[in-house]
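The values are calculated or read from the model by the stated rules, or taken from the named source; none is laboratory data. Keep in mind that what you see is a predicted model, and the values were worked out from it rather than measured. Cβ: placed from backbone, ideal geometry, glycine included. Neighbour counts: every protein chain shown. Each accessible area value is taken on the protein alone, full model and side chains, heavy atoms only, with ligands, DNA and RNA left out. Shrake-Rupley method; radii C 1.70, N 1.55, O 1.52, S 1.80 Å.
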Amino acid sequence: MKRFLLVLAALAVAAAAWAQSYPNKPIRVLVPFVPGGNVDITARTVAPALGELLGQPVIVENRPGAAGMVGAQALVASAADGYTLMMGSNSSLAVAPSLYASWPYDPLKGVAPITNLAITPFVLVVKNGLPAKTLDEFLKLAKEKPGQLSMASGGNGSSNQLVGELFQMMTGAKFSHVPYKGTGAALVDLAGGQVDLLFDQASSTVGNVRGGKIRAIAVASSARQPALPDTPTFAEAGLRDFEIDNFTGLVGPAGMPADAVAKVHAAAVKALATPVVRERFASLGVQPVGNTPEQWGAEIRADLARWAKVIKAAGIKAE
């Protein structure tokens, strides 16, 4: 008994020492998509401030492939010690788990939610050569040419496609889906006129809209975005109940120590309040969040339920 108590005491001391010393080496943040998209932009905006507050470098590592599955597999294969995190989004936390039977984790049990860092509304953007400048004109054109307008996305089952499918269900429009390996490539071809339209996050479209490379039709938020002041909301343009935000936040592998979750959460909330992060987010039409792990988990659960219904109704299948 005495030896058992000594072992327990030693374990308690070791745990306390770990909690005090974490983190004592660099932290990786996996981005399960290619550079240039909303998830990557959010990660690279927050990482420097997060690293400074934690006292260790926070290294962003892109692990794209298989609709985010490569990055997800890397997360669950890592030690649950707080040194490998992932930048989760609607795609990897609420869409892909409903599409892929072999998805590496249960989004409700297989990850440790830390905080939702930011939300950004979706924007309907079109190529400059499309003869439609308002939502009414766009819908008229789409219904005159059912299935002829090409809708780009970041891949089969991506959040871009899901938002587009929901839009078609609500309006009766019909598009031809063109999946890409990431929204960065989709945006390049949209700007080049190879495809007609894309539903994408404001954070990755604002620069292209301001630069005159593409044109924004409407934004799926409750109010106009400061970063796109001349772009009406869908409600203003005549389509009500089409408010869709993309969330982007930090998760760790299941079993990540509560102390590590608490430390990363506290640092992330402070990072979101820094002028550099706030100004960068504002310029991209991104709204910082910084909620609790419990609130973040509830958001993931609600979004998972919503997109599961859309996937079933649209008959979307994983490739």
**Prompt:** How many percent of DSSP beta bridges within the chain run antiparallel, rounded to 5?
**Reply:** 60
**Item:** Integer Hz, Karplus 6.51/-1.76/1.60 couplings in order for segment 199-204, x for Gly and Pro
**Value:** 9, 9, 5, 4, 4, 9
**Message:** Using a probe radius of 1.4 Å on heavy atoms only, what accessible surface per residue do you get for segment 74-220? Whole Å² is fine.
**Reply:** 33
**Request:** Over the residues of segment 129-183, compute the C-alpha Rg and express it relative to 2.2 N^0.38 Å.
**Result:** 1.12
**Prompt:** What Rg and what Dmax come out for segment 233-310 when only alpha-carbon atoms are used, in angstroms?
**Reply:** 15.7, 48
**Message:** Take Lys109 and Lys270, extend 7 Å from each Cα along the Cα→Cβ direction, and tell me the distance between the two endpoints in nm.
**Reply:** 3.6
**Asked** Out of every Cα pair in segment 189-297, what percent are spaced more than 22 Å from each other?
**Response** 47
**Request:** Note down the net charge around Ser21, summing +1 for each Lys or Arg and -1 for each Asp or Glu among other residues with Cβ under 15 Å from its Cβ.
**Result:** 0
**Prompt:** Whose amide H sits under 5 Å from the amide H of Ala227, counting only residues 5 or more places off or on another chain, with H placed in the peptide plane?
**Reply:** Gly285
**Complete:** Rg/Rh over Cα atoms for segment 85-177, Kirkwood Rh, comes to 1.07
**Request:** Assign unit charges at the C-beta atoms only (+1 for Lys and Arg, -1 for Asp and Glu), then state the dipole size of the chain relative to its Cα centre in Debye, rounded to the nearest 20.
**Result:** 340
**Request:** Using the Kirkwood radius over Cα pairs, work out the Stokes-Einstein diffusion coefficient for segment 16-78 at 20 °C and 1.002 mPa s, in µm²/s as a whole number.
**Result:** 170
**Complete:** Mean projected area (nm²) from the convex hull of Cα positions in segment 48-94 is 3.8
**Request:** Could you pull out every residue, at least 5 positions away or on a different chain, whose amide H is within less than 5 Å of the one on Val60? Hs are placed 1.01 Å off N in the peptide plane, and Pro or chain starts have none.
**Result:** Val29
**Asked** Given H placed on each backbone N at 1.01 Å, which residues far from Ile119 in sequence or on other chains put an amide H within less than 5 Å of it?
**Response** Gln287, Val289
**Complete:** Rh_Kirkwood(the chain) over Cα pairs, Å, one decimal, evaluates to 20.3
**Item:** Size of charge dipole - segment 77-202 - debye, nearest 20, with Cβ of Lys, Arg +1 and Asp, Glu -1, no other charges
**Value:** 220
**Complete:** Mean projected area, convex hull of alpha-carbon positions in segment 130-244, reported to one decimal in nm², is 6.3
**Separation between Cα centres of segment 252-319 and segment 174-242, rounded to whole Å** = 22
**Prompt:** Which pairs, out of Lys25/Lys270; Lys270/Lys317; Lys263/Lys317, put more than 30 Å between their alpha-carbon atoms?
**Reply:** Lys270/Lys317; Lys263/Lys317
**Fill in**
To the nearest 0.05, the calculated FRET efficiency linking Lys133 and Asn24 through their beta-carbon distance, R0 being 41 Å, is 0.15
**Prompt:** Hey, what do the phi angles of segment 130-144 turn into as Karplus ³J(HN,Hα) couplings, whole Hz, using 6.51/-1.76/1.60 and θ = phi - 60°, x for Gly and Pro?
**Reply:** 6, x, 8, 10, 10, 5, 4, 5, 5, 5, 4, 5, 5, 7, 6
**Fill in**
Heavy-atom accessible area of Ser283, protein chains in place, probe 1.4 angstrom, given in Å² to nearest 10, is 40
**Message:** Contact order normalised by length for the chain, with contacts defined as Cα pairs under 8 Å and 6 or more residues apart; what percent is it?
**Reply:** 26
**Prompt:** In nm, to one decimal, how far is the modelled label at Ala314 from the one at Ala101, with both set 7 Å along Cα→Cβ?
**Reply:** 2.2
